[in-house]
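**Q** What follows is a single structure, and I will ask about it in a moment.
The values are calculated or read from the model by the stated rules, or taken from the named source; none is laboratory data. All figures in this text were calculated on a predicted structure; none of them were measured in a lab. Cβ placement follows ideal geometry from the backbone for every residue including glycine, while neighbour counts extend to all protein chains displayed.
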Amino acid sequence: MANKIKIEEVILGTFCFIALVGGLVFKSRVFSYTATGLLILCAIFIVGRHIPDFASLSVDNPKVKTLRFINWFSIGIVILGVAISAAFENHVLKDLQEKWLSLALVTLIMVVIGNFAPKIPFNRYIGLRLPWTVRDEETWILAHRILGYITFPLVVCFIVLSQFLVSRTSIIATLLTWILIPGVVSGLFFFKKYQ
């Protein structure tokens, strides 16, 4: 078993190196997007193979299932993002189509992650990883609960904002708010707790 893991890691490492070198050598944006996506997929795949070890959970623990779902969801989002970027770069998609695809993709990410956030067990690899959330389990739980609670109101605000602002501006504003609120509140909680 240990040899199988090492061979798997060598194969993935070699694949990552080839994708990185290819991305630097070839000047095609589509190839660069694809190579970057493949590198991210390799990293996510390696994390996914070792989730119980990273989270210090037994293989039978139900929380491992949550982490694996989030990991597979991340793989799907990376593949979808690379495909959309390549399609837009090759002028297959028009600006209006890109706007609606971006809106749908960000909404999907927020709804799924927001729904699963309160269920993510304390770990250093998957979740809202801020210096204070990875040091204290109570702070971790608070941050992820807040992330879950604010997701749906922010999705509604995002959909409304995207009708009045440039899609990139509404995406950045919404995602920053989505991360900043639980980040700041959990940071204040952590520093007050350990003052």
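**Q** Output the residues belonging to the range 55-72 that are surrounded by fewer than 16 Cβ atoms within 10 Å (Cβ to Cβ) and out of contact with any Pro (no Cβ under 6 Å at 6 or more places or on another chain).
**A** The initial filter retains those residues of the range 55-72 that are surrounded by fewer than 16 Cβ atoms within 10 Å (Cβ to Cβ), namely 56, 58-62, 65, 68-69, 72.
Selection gives 56, 58, 60, 61, 62, 65, 68, 69, 72.
**Q** Right, next: Can you pull out every residue in the range 125-170 that is in a loop (DSSP other than H, G, I, E, B) and within 20 Å of the chain's Cα centre (by Cα)?
**A** At the first step, the residues of the range 125-170 found to be in a loop (DSSP other than H, G, I, E, B) are 125-136, 165-166.
Across the range 125-170, the qualifying residues are 125, 126, 127, 128, 129, 130, 131, 132, 133, 134.
**Q** Which residue is surrounded by the most Cβ atoms within 10 Å (Cβ to Cβ), if the candidates are limited to the range 6-43 and must be among the aromatic types (Phe, Trp, Tyr) and either within 19 Å of residue 77 (Cβ to Cβ) or in contact (Cβ under 8 Å) with a residue 12 or more places away in the chain (or both)?
**A** Top of the filtered list is 33.
**Q** Also: So, in the range 77-103, how many residues would count as being at pLDDT 80 or above and assigned by TED's automatic domain parsing to the domain that holds residue 159?
**A** Of the residues in the range 77-103, 4 are at pLDDT 80 or above and assigned by TED's automatic domain parsing to the domain that holds residue 159.
**Q** With respect to residue 46, is the statement that it is surrounded by fewer than 18 Cβ atoms within 10 Å (Cβ to Cβ) and in contact with a Leu (Cβ under 8 Å, 6 or more places away or on another chain) true?
**A** In short, yes.
**Q** Hey, any hits in the range 119-135 for a residue that's at pLDDT 85 or above, of a type in the set (S, T, N, Q) and in contact with a Gly (Cβ under 8 Å, 6 or more places away or on another chain)?
**A** Checked against the condition, which is being at pLDDT 85 or above, of a type in the set (S, T, N, Q) and in contact with a Gly (Cβ under 8 Å, 6 or more places away or on another chain), the range 119-135 yields at least one hit.
**Q** Run residue 190 past the list (1) more than 20 Å from residue 71 (Cβ to Cβ); (2) out of contact with any Ser or Thr (no Cβ under 7 Å at 6 or more places or on another chain); (3) not assigned by TED's automatic domain parsing to the domain that holds residue 66 and report the number of the one that doesn't hold.
**A** Every condition holds for residue 190 apart from (2).
**Q** In addition: Go through 88, 152 for me and flag whichever is more than 25 Å from residue 49 (Cα to Cα) and exposed (fewer than 15 other Cβ atoms within 10 Å of the Cβ).
**A** Going through 88, 152 in turn, just one is more than 25 Å from residue 49 (Cα to Cα) and exposed (fewer than 15 other Cβ atoms within 10 Å of the Cβ): 152.
**Q** Can you find, within the range 181-193, the residue that is nearest to the chain's Cα centre (by Cα) among those that are farther than 20 Å from residue 152 by Cβ and in contact (Cβ under 8 Å) with a residue 12 or more places away in the chain?
**A** Top of the filtered list is 187.
**Q** Right, here's the next one. Just to check your reading of the model, which residue among 169, 107 is free of Cβ contacts under 8 Å to residues at least 60 places away in the same chain and within 22 Å of residue 71 (Cα to Cα)?
**A** 107
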